[in-house]
Amino acid sequence: MVKDHSLSDFIFHIIEKHQIRSYDPAFLERLREKLSTISQLYYQIYSTHPHKDEMFEKLVVTLFRANNERSNGLKKRDEQKAKKGHWFLSNEIVGMSLYVDRFSGGLKKMPSKLNYLSKLGVNFLHLMPLFQSPEGESDGGYAVSDFRKIDERFGTIEDLKGLIENMQKKDIYLMLDIVLNHTSHRHEWAEKAKAGDAYYQDFYYMYENRWIPNQYEEHMPEIFPESSPGNFTWSEACQKWVMTVFHEYQWDLNYMNPMVLREMMDNILFYANLGVDVLRVDAPAFIWKQTGTTCQNLPQVHTLLRLIKQCVMVASPGMALLGEAIVAPKEIIKYFGTGEFTAQECDFAYNAVQMALQWDMLATGETDVMMAAQHEILKKPFGTSWITYTRCHDDIGLGYENHTIKAAGKEPYKHRKYLMDYYSGKYPESPAMGKLFSSNPKTGDARISGTLASLCGLEKAIKVNNPDHIEESIHKIILMQANSLFIGGLPILYYGDEVGYTNDYSYEEDPGKSYDNRWMHRPIIDWKKIKLSDKTGTIENRIFTQTQKLIQIRKKLPVIADLKNLTWSSPQNKHVAVFMRDKGDERFFGAFNYSKFQTHLTWFAFKEHTLAPKRLLDHWSGQEFEVGPDNEFLEFQPYQFYLLEVLE
Ligand code: GLC
């Protein structure tokens, strides 16, 4: 470990030994400041590794190189972000997640679509995985066979650079993924491991017999029990069992080997130097394994993420980290860092619990389970933020804790069963047309696939040509989006939802996709349909313009920035969720009726935690309200919501 007093000596030694001829003084200052923490974290993990010191040096050299390769433009951008402070908490950022090929046809075509996104109000893009990934064994790009080469399907690295330049000119932020937990079995490291190279076999978890795999299996849950049961796959080529937590073609990387960390750090900084503003760290919960545990959320995961965060702060300080940890609520919170590392781990995590609970409310018309879960969600530290969303490329997992369901007086098994039946359309009165994903007959668990529109009933309503049901499903879509846009965090819309794309069943005919029904909600955009968003009265136009309006309202209200400024009103009425956001003298209330009933709230809902307001402006309808006495009411139509700014 590098002692504080020898920090300068160590840095000097690295510069000499590795003939580092030039470096940025600001970088050196950051390195001096953080090196002792970096070394502490590193040695916490690797203190017993035979090559620990040599690898540590290599890691530090990686930081020097990466910073030297960082363009002046990006360094300037880093400085601007540092001046703004927590730039990513702003209410002015609204994101969209999209597959470049399915959205526009390829990287070269993307720049011509940016105006459409700007018109909607989107100024942050999550481009789904772009790096090389074998066709038919790609897991939507999450099985990477080359972390530096853009897959031919999308274009070239030059095309990506061109797009980024265009995006930066238009002030559009960029998010890309780093798939940290595994590589494709076709990655060079895996191919070498298959060929018997012991150095690369140590990059993965490989065993000659089932002795250790069996011990792991005792406690490891299955991620894709239907399409990829178990956590190990037999490799004929090298006659070994390989750990494959996700699909059998995704080989888990072994972070007990510090060389793996070094290599992946290099890839992370390569992405940083492309101009990534937020790096989505895919599936971080899984990166450390230990027999006798579920191999998820282990303490070493957090040590590694903190180490990555520190290295990023030194080499590319403008890049924020999103930890894609879709795990139990009390575990999600830990990804923001704990103890002395509070707010020093991931800057973002997905508010997957709130997302799933919005779907819970929509199916039940009741807010009580969602309210019971808030205690954990509100623990998010200041300076960090949620990604808020209604849909993404993945399924919806009902991963909230049983005790929150019980706290609402419901029986967890039956409650989840109802939700699964409701969204898969099995429940008789359900308008939803989703499918169960990864059903596990052993546990009775399943997740849910389907687009926002289809889960909200639009697909069915169009099919039976029922204008009232179409209207109702649009209300639900906008209610869900409004909640995600105003609850606090960086909202990321999912492409196609802005015009109400319904499920795409063509994946069923494609053998590379048919085993994974998440493809039903990964549409190929038809730009003729998008054109309909300009034509008044069409479904596309109604959804697009309302989504656009929500975004415009969000951007106008600084009180919506994620300043850890959310307070829930006590439920007066189990159908309606009400929260307050406040900043200095500014106050805002979001009030959402999740039920199909007309209902009301007494005006007390707006006085409970603050000085009684006199007048409220609903930004959604444009209507102003005098706040009445506590025995008078604010009325709600089915699925109606209010976005209320306190005027005085
Ligand atoms: C993440 C991705 C998901 C993928 C998995 C394995 O959860 O969002 O799509 O299947 O990681 O990489």
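Taking a virtual spin label 7 Å from the Cα of ASP197 along the C-beta vector, which residues in segment 253-279 bring their backbone nitrogen under 18 Å of it? Counting only backbone N, you get 253-255, 257-267. DSSP bridge analysis restricted to the chain gives an antiparallel fraction near 60%, rounded to the nearest 5. Considering the zone a paramagnetic label at HIS403 would reach in this model (a point 7 Å from Cα along the Cα-to-Cβ line), which residues of segment 324-346 have amide N under 18 Å from it? Residues 327-334 fall inside that zone. Measuring between their Cα centroids, segment 507-548 and segment 9-81 lie 45 Å from each other. Remark on segment 60-139: hydrodynamic radius 15.7 angstrom, per the Kirkwood mean of 1/r across alpha carbon pairs. For segment 130-232, the Kirkwood hydrodynamic radius from C-alpha pairs, put into Stokes-Einstein at 10 °C and a viscosity of 1.306 mPa s, yields a diffusion coefficient of 98 µm² per second. Compared with the dominant principal axis of the Cα atoms in the chain, helix 25-46 is inclined by about 80°.
Scaled against the 2.2 N^0.38 Å expected of a compact globular protein of N residues, the Cα radius of gyration of the chain reads 0.97. If the segment from HIS51 to SER90 were pulled out straight at 0.36 nm per residue, it would be longer than the present Cα-Cα gap by 9.7 nm.
Sorted on the mean count of surrounding Cβ atoms within 10 Å across their residues, most packed first, peptides 343-355, 128-140 read 343-355, 128-140. The distance from the alpha carbon centre of segment 406-465 to that of segment 235-253 is 33 Å, rounded to a whole number. Once the Cα atoms are used to define both axes, helix 352-364 deviates from the longest principal axis of the chain by about 30 degrees. Positive-end ranking of ALA66, PRO329, TYR422 along the dipole of the chain, with charges on Cβ about the Cα centre, is headed by ALA66.
Highest mean packing comes first when the peptides 375-388, 178-191 are listed by Cβ atoms within 10 Å, giving 178-191, 375-388.
Please grab the % of Cα pairs in segment 565-646 that end up more than 22 Å from each other. Value for segment 565-646: 14 percent of Cα pairs lie more than 22 Å apart.
Over the Cα atoms of segment 183-252, each weighted equally, I'd like the Debye log10 I(q)/I(0) at q = 0.16, 0.21 Å⁻¹, rounded to two decimals. Normalising to I(0) and taking log10 leaves -0.49, -0.83. When the Cα atoms of segment 329-482 are aligned to their principal axes, the ranges along those axes come out at 58, 33, 27 Å in descending order. Placing a pseudo-label 7 Å from each Cα along the Cα-to-Cβ vector at ASP585 and LYS535 gives an inter-label distance of 4.9 nm. Using R0 = 51 Å, the C-beta based FRET efficiency linking GLU158 and LEU7 works out to 0.80.
Dipole magnitude for the chain: computed about the Cα centre from +1 point charges on Lys and Arg Cβ and -1 point charges on Asp and Glu Cβ, it is near 1040 debye. Between the helical axis of 539-556 and the longest alpha-carbon principal axis of the chain there is an angle of about 70 degrees.
Taken about its Cα centre, segment 183-252 carries a charge dipole of roughly 160 debye when the Cβ of each Lys and Arg holds +1 and the Cβ of each Asp and Glu holds -1.
Only Lys, Arg, Asp and Glu count, each charged at its Cβ (+1, +1, -1, -1), so figure out the dipole size of segment 475-592 about its Cα centre, rounded to 20 debye. Write down the numbers at each step before the final one.
Working: 18 positive and 14 negative charges, 102 e Å.
Charge dipole of segment 475-592: 500 debye, to the nearest 20.
First obtain the Kirkwood hydrodynamic radius of segment 243-352 from its Cα pairs, then insert it into the Stokes-Einstein equation at 37 °C and 0.692 mPa s, and state the resulting D in µm² per second as a whole number. Mind showing how you got there, number by number?
Values: Rh = 14.4 Å.
After rounding, the answer is 228 µm²/s.
Considered as an equivalent ellipsoid built on the Cα gyration tensor, segment 534-588 has semi-axes of 29, 18, 7 Å, the largest given first.
D by Stokes-Einstein for segment 417-493, Kirkwood Rh over Cα pairs, 10 °C, 1.306 mPa s: 118 µm²/s. Once you reduce segment 175-210 and segment 279-298 to the center of their Cα atoms, the two points are 16 Å from each other.
Taking only the C-alpha atoms of segment 1-74, the Rg (one decimal) and the largest Cα-Cα distance, Dmax (whole number), read 12.6, 41 Å.
Read-outs: derived from the displayed coordinates by stated rules, not from any lab. From a predicted model like this one, the values you see are computed outputs, not experimental measurements. When we count neighbours, we look across all protein chains shown, and the Cβ atoms used for this are built from the backbone with ideal geometry, even at glycine.
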